[in-house]
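The values are calculated or read from the model by the stated rules, or taken from the named source; none is laboratory data. Just so it is clear, the model here is predicted, and its values are computed rather than measured. All Cβ positions, glycine included, derive from the backbone under ideal geometry; neighbour counts span all protein chains shown. Ligands, DNA and RNA are stripped out before the accessible areas are found, and what is left, the full protein with its side chains, is counted by its heavy atoms. Shrake-Rupley method; radii C 1.70, N 1.55, O 1.52, S 1.80 Å.
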Amino acid sequence: MDLSSGALLMAAGLASGLAGSIAGLASLASYPALLAFGLPPVVANVTNTVAMFSTTVGAATGSRPELRGQTRRVLRLVAVAAAGGSLGAWLLLTTPASAFEAVVPWLIALGSALLLARDRLRAWAEARAARA
């Protein structure tokens, strides 16, 4: 890798970090950057996931005051995330790379739609919790 490629990947990493800390959108910058530099989609996904894990740890560490008293909720969410991540890893390893390439744009679109609907979904969840 030449110096300019390294500099561009560093810039993409910085953009990912900023996007992740602002709105949780880091992968929308880092994943395409990895693809642009020639990594196959599955390798780019795994690389991106491992790299973004540190932002998750950092966010959780920085949110410790807000998480006090939420142990049960956090453990439940960790269990769901671990199950989903395990299922996703299994699918990634057992399906052809072409299937992954075909589904990624749809997953990004779904994630974007959920982000746009975030406030409505939150209001729905709060109303549902208030009824229970």
Given the criteria open to solvent by 50 Å² or more (accessible area, probe 1.4 Å), out of contact with any strand residue (DSSP E or B) (no Cβ under 9 Å at 6 or more places or on another chain), assigned to a helix (DSSP H, G or I) and among the small types (Gly, Ala, Ser), does SER86 qualify? yes
Inside region 69-83, can you point out the residues that are closer than 22 Å to ALA26 by Cα and not in a helix (DSSP H, G or I)? none
Out of GLU101, GLU66, which single residue is of a type in the set (Asp, Glu), touching a helix residue (DSSP H, G or I) at 6+ places or on another chain (Cβ under 7 Å) and either closer than 30 Å to SER5 by Cβ or assigned to a helix (DSSP H, G or I) (or both)? GLU101
Out of all the residues in region 38-58, is one or more hydrophobic (A, V, I, L, M, F, W, C), modelled with pLDDT of 85 or more, touching a helix residue (DSSP H, G or I) at 6+ places or on another chain (Cβ under 7 Å) and not in a helix (DSSP H, G or I)? yes
Between LEU14, LEU77, LEU34, which is surrounded by 11 or more Cβ atoms within 10 Å (Cβ to Cβ), hydrophobic (A, V, I, L, M, F, W, C) and modelled with pLDDT under 80? LEU14
Could you go through region 17-25 and let me know if any residue there is outside any helix (DSSP H, G or I), more than 25 Å from ALA129 (Cβ to Cβ), open to solvent by 50 Å² or more (accessible area, probe 1.4 Å) and modelled with pLDDT under 80. yes
